[in-house]
Every structure is written in structure tokens, then in C-alpha cells.
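The values are calculated or read from the model by the stated rules, or taken from the named source; none is laboratory data. Just so we're clear, the structure is a prediction, and the values are computed from it rather than from any experiment. Cβ placement follows ideal geometry from the backbone for every residue including glycine, while neighbour counts extend to all protein chains displayed. Note: areas computed on protein heavy atoms with side chains; ligands, DNA, RNA excluded. Shrake-Rupley method; radii C 1.70, N 1.55, O 1.52, S 1.80 Å.
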Amino acid sequence: QVQLVESGGGLVQAGASPRLSCVPSGLTFSIYSMGWFRQAPGKEREFVAAISRRGESTYYADSVKGRFTISRDNAKNTVYLQMNSLKPEDTAVYYCAARTSVPSSETYAYHYWGQGTQVTVSS
């Protein structure tokens, strides 16, 4: 059974720099590209960042480029999302997702999803 478990969310102030983690189980982590998505209340789930299987390629939404960094440690079976200079508009539930092919910004392209972790940014 495949599970993706996110952690690191919470209530933070604007400008904070929390790091989200996602630990998959039940799959061979190193053959999966990983993505982070987010969903704010009343909005559709949107792409945040993605990383290739070995971590050599990364992709970002324009809204987070230069502030967020996605990385992975295949030895620890973990993917991270370092978030810097958070803004109130970054408030959302953040999800990690896995797919066996190249990274994608499309939600439908991912095979497995975590339950999400809430990030709330206060001004």
C-alpha cells in the first residue's frame, strides 16, 4: 500500500521560512518524480514545484519561483519544500505527489497523493 505523508505545516507569520517534508512508503522512491501542489479554500489545486527522480531537474510555478526550493534525498526517501518569504496568499493545504515518469505540473499526471499539510500565513 502506497502512502505519502507530509509534515512541517502550521501557522506561521509572513516572511517565515518553514520546510515541508514528504515521506512516501510502499514504493521505490528513486524511480518516482515528485511534485508539490497546493489548494487554497475555494480554489482549484495548483502546481507549486516538481523534481526529477535523481533531483537534477526542478520546476516551479511562477508564483513561488525564487522563494521556494524543492529537493529530495533518495537515501532518506524524502522530498522537501523549503518555503522562504512566505506571504498570506501562500496559505493553503500543501500536497506531495508521485509519478513514475518525468516531472509534470498537471495534477492528473500524478499517481499517488498525500493527505496534505495545512500552511497558514498570518500577516
Starting from 0 in steps of 10 Å, tell me what percent of the Cα-Cα pairs of segment 59-123 lands in each bin.
-> 17, 50, 30, 3
At a probe radius of 1.4 Å, what is the per-residue accessible area of VAL23, in Å² to the nearest 10?
-> 70 Å²
Just order 93-100, 52-59, 39-46 by mean Cβ neighbour count inside 10 Å, highest at the front, would you?
-> 93-100, 52-59, 39-46
How large is ³J(HN,Hα), in whole Hz, for each residue of segment 69-83 in order, when computed from phi with the Karplus curve 6.51 cos²θ - 1.76 cosθ + 1.60 and θ = phi - 60°, using x for Gly and Pro?
-> 9, 9, 8, 8, 10, 5, 6, 9, 6, 9, 10, 10, 9, 7, 10
Antiparallel as a % of all DSSP beta bridges within the chain, to the nearest 5?
-> 90 percent
Alpha carbon convex hull of the chain, volume per residue in cubic angstrom = 92 Å³
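Counting only protein heavy atoms and a 1.4 Å probe, tell me what percentage of the chain's accessible area is made up of carbon and sulfur.
Values: 2830 of 6300 Å².
The C+S portion of the solvent-accessible surface of the chain is 45 percent.
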Distant-in-sequence amide H partners of TYR112 (H built 1.01 Å from N, under 5 Å) = ALA98
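Mind checking the dipole of the chain: about its Cα centre, +1 per Lys or Arg Cβ, -1 per Asp or Glu Cβ, Debye to the nearest 20?
On the way: 12 positive and 9 negative charges, 42 e Å.
Here the chain has a charge dipole of around 200 debye.
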Cα lying deepest toward the dipole's positive end in the chain, options GLN118, ILE31, GLN1, charges on Cβ = ILE31
Taking Cα pairs closer than 8 Å and at least 6 residues apart, the relative contact order of the chain in percent is 36 percent
Which Cα, out of SER57, SER105, ASN84, lies furthest along the positive dipole direction of segment 37-123 (beta carbon charges, K/R +1, D/E -1)?
-> SER57
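Dipole size in debye (nearest 20) for segment 1-63 around its Cα centre, Lys and Arg Cβ +1, Asp and Glu Cβ -1?
Details: 6 positive and 5 negative charges, 21 e Å.
The calculated dipole for segment 1-63 is roughly 100 debye.
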Solvent-accessible area per residue for the chain (1.4 angstrom probe, square angstrom) = 51 Å²
